[in-house]
Ligand code: SF4
């Protein structure tokens, strides 16, 4: 299909197809490509519209496929042990020209294959040399082709502030990958890199985003700067950090760098190296799922990271979601009266999501709620019933231990939890 397409768009089919195969394949290990959060509008009769029509499609293993997701090149001067593009890996190498990426993006977009571009790169020559090309692609798309689709650019650590600033003028989102959850992990697997090289551009982007947002509030015509903010990716399972260390790292970067998202990417063992896990030991997808759920609890449910994981429970329970895990460890806080409790408390009840909690608070102004009404609101009664009371007494078992409740819930919800163990939850 790609071959036909590049033939149609008048490019050198064989050469471009080969590059596409190599550089799209190399890009699939980066999961930080959800396109939510941008409000770029088509105001110049240009092409595309990042605020509408962007759907997030995920392959079976949970990777995003809605964007043209490629590397500019898989040549790299670095030798990070976990990366297929590392310089010592004996693989086919390729590099797109700036114009080739621009042409591919425009032609794929016109044919409705993509909603935007996710562009990363190995580092050839140096950070500025690489970043300058990434910026040039985004600039050409925006200024020459009036492209209003979504653009996510990787920021290359070590690139100059000027290039980072220019990147923010054309990209919707910028991201700097943290790679390993801890500095020790990074030293082990990527000794040529250091955490400070990642923190510096994150800090720069944070300040620039704040400043440009303030300017935009004052002057409507001030240019946008990375309107979908910045994100990062952490590889899990390549180094031995536990979930507690991973979540504390995520929490730190959310708080201090105003990140929109932290993406958790289970390490895919494709390289043999004594510093890495064995080739047949991939990270179970359910571990990624639980980390995303915990991340959700920190950002939308008012949980502090220390409530989700602690020194006694440094790993998330893979059998149940982290909110249920917290509730079972804190049974003394329950049951709560759903007709009286604060929104913040209702949000802590397993089986009740943010929207349902808000609906409950609104609906109870018109009368006390019972199980039937709660079901209609959309709460998962099979989980919530152990933790709440309402205006009916059809379920009044209050003598159960945490272990017993967990067993009941697992046996009643078996299909859901088994499914969760094999496919990624849709959390985007
Ligand atoms: S710098 Fe990036 S592309 Fe190069 S080896 Fe390291 S992770 Fe891979």
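Read the figures in this text as sums done on the coordinates, not as results from a lab. Treat the numbers as computed from the prediction; the structure is a model and nothing was measured. Every residue, glycine as well, gets a Cβ built from its backbone with ideal geometry; the counts of neighbours run over all protein chains shown.
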At a 10 Å Cβ-Cβ cut-off, how would you order 90, 172, 243, fewest neighbours first?
90, 243, 172
Taking all pairs of distinct alpha-carbon atoms in the stretch 97-144, Kirkwood radius in angstrom
11.4
